[in-house]
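Asker: Have a look at this one.
The values are calculated or read from the model by the stated rules, or taken from the named source; none is laboratory data. Please read all numbers here as calculations on a predicted model, not as lab measurements. Glycine also receives a Cβ, built like all others from the backbone with ideal geometry; neighbour counts cover every protein chain displayed. These area figures cover heavy atoms from the full protein model, side chains too; ligands, DNA and RNA do not enter into them. Shrake-Rupley method; radii C 1.70, N 1.55, O 1.52, S 1.80 Å.
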Amino acid sequence: MVKKKVISFISEKENRGSIEFQVFHFTNKIRRLTSHLEFHKKDYLSQRGLRKILGKRQRLLSYLSKKKRVSYKELMDIRESKTR
């Protein structure tokens, strides 16, 4: 059910430059890098890349929370339901 909601959310927007899509894309990248770093603990370049992506996503979420409160709440609902 959650995947359908995420997919519909992404396909609704279809604007790959939108903030919502970028946050969603960064979240997927973060998950991939985190799983990669579990096996390759000394991959320092990937750790640096992960930190950069985390910072970008945090800045986008901060902007989104100030400018588009409704979209921010939708993203947080998707994120919370996906982690449970």
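Asker: Just a yes or no: is a residue in region 12-22 acidic (D, E), open to solvent by 90 Å² or more (accessible area, probe 1.4 Å) and at pLDDT 95 or above?
Answerer: No.
Asker: In region 50-66, which residues are among the basic types (K, R) and either touching a strand residue (DSSP E or B) at 6+ places or on another chain (Cβ under 8 Å) or open to solvent by less than 100 Å² (accessible area, probe 1.4 Å) (or both)?
Answerer: K56, R57
Asker: Go through region 60-84 and give me each residue that's under 19 Å from R31 (Cβ atoms) and either in contact with a Leu (Cβ under 8 Å, 6 or more places away or on another chain) or modelled with pLDDT of 95 or more (or both).
Answerer: Across region 60-84, the qualifying residues are L61, L75.
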